[in-house]
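Down below is the structure, laid out as structure tokens.
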Amino acid sequence: MRGHFWGRLRWIHGLHFGLLCDVESGVWTETRVSGARPVPRMHHGMAVVENFVSLYGSFDGLQHLNDLYALDLRENRLACLLPHDDSRADVPR
């Protein structure tokens with residue numbers, strides 16, 4: 001599989017769309033993404049492992065989040081692997 005970079009997600013009429021960049025060609029492609037819908041966020045962490053892009057934690061403007069999502073680049077499907085839980089405190093950095 002060629003390398004990809006995952007850009008923003010947006011929702012239009014209930015459909016998920018994401019931007020994927022092929023790092024070899026530098027071409028961005030808008031693609032339909034299915035699955036779980038994370039809330040808009042900032043200050044999150046992301047990592048790529050094989051065919052998956054993970055999205056962890058963040059701040060949604062009101063609270064700090066400790067959820068974990070994974071985007072399967074082969075199927076363009078997002079899954080919530082660990083939902084946000086207020087009782088699970090983030091470890092200070």
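No lab work stands behind these numbers, since they all come straight from the coordinates. Since this is a predicted model, take the numbers as computed values, not measurements. In this analysis, Cβ positions are derived from the backbone assuming ideal geometry, glycine residues included, and neighbour counts consider all displayed protein chains.
Only one entry in 81, 71 is part of a strand (DSSP E or B) and surrounded by 15 or more Cβ atoms within 10 Å (Cβ to Cβ), namely 71.
When 33, 27 are checked against the criterion of being more than 18 Å from residue 86 (Cα to Cα) and without any contact (Cβ under 8 Å) to a residue 24 or more places away in the chain, 27 stands alone in meeting it.
Within the group 58, 25, 54, which residue is surrounded by fewer than 11 Cβ atoms within 10 Å (Cβ to Cβ) and of a type in the set (S, T, N, Q)? Criteria check complete, one pass: 25.
For the range 24-43, residues that are assigned to a loop (DSSP other than H, G, I, E, B), within 14 Å of the chain's Cα centre (by Cα) and not charged (D, E, K, R) total 5.
Selection of first residues in the range 37-56 that are touching a residue at least 12 places away in the same chain (Cβ under 8 Å) and of second residues that are surrounded by fewer than 11 Cβ atoms within 10 Å (Cβ to Cβ), restricted to Cβ pairs under 7 Å at least 6 apart or on distinct chains, gives the following pairs, ordered by first then second residue: 51/1; 51/74; 54/47; 56/45.
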